[in-house]
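Scroll down for the structure; my scribbles are underneath it.
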Amino acid sequence: MTTSPPSIQPRVTISQVAKAAGVSKATVSRFIGGDRQLLAEATARRLDEVIQHLGYRPNQMARGLKRGQTRLIGMLVADILNPYSVAVIRGVETACRQHGYSLVLCNTNRDDEQERHHLEALQSYNVEGLIVNTLGHQPSQLLDLHRRLPMVLVDRQLADLQVDMVGLDNTDAVEQALDHLQTQGYRDIVAVGEPLDGTSSRHERVQAFTASLQRRASMRGRVLSLDAQLPQALERCLASDRHGPQALLTFNGVATLAVTRALQAGGRALGNDLGLIAIDELDWCPLVGPGITALAQPTERIGAAAFECLLERLRGNEGSARRLDFKAQLIVRGSTSLTP
């Protein structure tokens, strides 16, 4: 026996409400637009009953366009599969909801053409402001958008774009990592990060690592780029002459996953004579070997702060662009417990 799918009921219109209530469309518009106090009590009560009976729902987008306010915030992210992005989005969306805004989310999937397409689409949606966490390979388009609406960057600073930026204190995170490794007795440090493609946070972490090691006479280090040859390059580093006990520092979650896979494939165990500390706390960090020591970013707080900065701009703040850097929290596990 087959059943037909339920028919889709047509949307109730403002004209139908007006006809059923015996009033003009203008009167209905006043009622749903917040001007109920201008109507006679009997009229307002009758409209309320008709709207409930018909199941009328105002077109919020049309109302917003008429008022010049859509209550929509656009957000552009480079990789929605990245746990960092997911947590930041959650923070942004929660803050939006608390202030009566809705979030329009666009994922570029690290593709420049997708980024260009989404930026054009966001303009057509008439978003009131934009939060950007992406590769930033469309600077002219972003600059043009910023001339028309407030914008806040997350994690990545873009040259010539003078807007608020919210992210991690990268220098402090690297300092915390190296302080911990040094205290634990590690002396030979290999850092692993994604390629330096102009992403500001990647550059900042590499620069902080290099500068910090120059101040630490007892430690030495090198930086490896995350690519197809990482397992071989990693094995060569670990097999080379040692300056002392070795440890790995991964600059983000993507690098942590790649390094963990490479170590497992090479039969190397953590927590013996090889340490590992990661920037970014991932759900599986406690589950690998003795647990991976991590520097957790306050990602949801970063997302909420990005929206709060944007809200200030929407409310008329025209002050100079600011940068808000949040501290990471060190979570110590067995991967940095050097065996005596």
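Read-outs: derived from the displayed coordinates by stated rules, not from any lab. The shown structure was predicted, so the numbers you read here are calculated from the model rather than taken from an experiment. Here the Cβ positions follow ideal geometry from the backbone for every residue, glycine too, while neighbour counts run over all protein chains shown.
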Nearest 10 degrees, 0 to 90: what angle lies between the long axis of helix 112-124 and the longest principal axis of the chain (Cα atoms)?
30
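Relative contact order for the chain: what is it in percent, counting Cα pairs under 8 Å that are at least 6 residues apart? Let's see the in-between values first.
Values: 564 pairs, mean separation 59.6, N = 340.
Value for the chain: 18 percent.
Loop-only check: which GluC sites (Glu not before Pro) in the stretch 250-340 are DSSP coil with at most 11 other Cβ within 10 angstrom? If you can, show how the numbers build up before the last one.
Values: sites: GLU281, GLU300, GLU308, GLU312, GLU318; in loops: GLU281, GLU318.
Counting only loop positions with at most 11 other Cβ atoms within 10 Å, the GluC sites (Glu not before Pro) in the stretch 250-340 are GLU318.
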Give the angle, between 0 and 90 degrees and rounded to the nearest 10, that separates the Cα long axis of helix 299-314 from the longest principal axis of the Cα atoms of the chain.
50
Please report how far the C-alpha centroid of the stretch 9-25 lies from that of the stretch 143-183, rounded to the nearest whole angstrom.
51
Pair-distance profile P(r), taking every C-alpha pair of the stretch 14-58, with 5 angstrom steps and integer %
5, 27, 40, 24, 4
Distance in nm between label sites at ALA321 and THR13, each 7 Å beyond Cα in the beta-carbon direction?
4.7
Residue order, fewest to most surrounding Cβ atoms within 10 angstrom, among MET165, MET219, MET75, MET151
MET219, MET165, MET151, MET75
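List the trypsin sites (Lys or Arg not before Pro) within the stretch 242-340 that fall in a DSSP loop (any state other than H, G, I, E or B) and whose Cβ has at most 11 other Cβ atoms within 10 Å. Don't jump to the answer; show the numbers that get you there.
Values: sites: ARG242, ARG261, ARG268, ARG301, ARG313, ARG315, ARG322, ARG323, LYS327, ARG333; in loops: ARG242, ARG268, ARG315, ARG322, LYS327, ARG333.
Sites meeting the loop and neighbour criteria: ARG315.
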For the stretch 98-188, take every pair of Cα atoms, bin their distances at 5 Å starting from 0, and report each bin as a whole percent.
2, 12, 19, 20, 14, 8, 8, 7, 6, 4, 1, 0
Whole-Hz Karplus ³J(HN,Hα) for the stretch 78-95, in order, using 6.51 cos²θ - 1.76 cosθ + 1.60 and θ = phi - 60°, x for Gly and Pro?
7, 8, 6, 7, 6, x, 4, 4, 4, 5, 5, 4, 4, x, 5, 5, 4, 5
Amide H contacts under 5 Å for GLY221, placed H, 5+ residues apart:
ILE189
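Whole number please: convex hull volume per residue of the Cα set in the stretch 242-340, in Å³? Can you show the working numbers first?
Working: hull volume 11.8 nm³, N = 99.
Per residue, the Cα convex hull of the stretch 242-340 comes to 119 Å³.
As a check on your grasp of the helix formula, calculate [θ] at 222 nm for the chain: sum -39500 (n - 2.57) over DSSP H runs of n ≥ 4, divide by the residue count, round to the nearest 500.
On the way: 12 runs with 144 residues, N = 340.
Result for the chain, helices only: -13000 deg cm²/dmol.
Taking N as the number of residues in the stretch 286-334, what is its alpha-carbon radius of gyration divided by 2.2 N^0.38 Å?
Expressed relative to 2.2 N^0.38 Å, the Cα Rg reads 1.72.
When Rg is the radius of gyration of the Cα atoms in the chain and Rh is its Kirkwood radius, what does Rg/Rh come to?
Values: Rg = 26.7 Å, Rh = 23.3 Å.
Looking at the chain, the ratio lands at 1.14.
At 4 °C and 1.567 mPa s, what whole-number value in µm²/s does Stokes-Einstein give for the translational diffusion of the stretch 126-270, with Rh from the Kirkwood sum over Cα pairs?
Once the numbers are plugged in, D ends up at 76 µm²/s.
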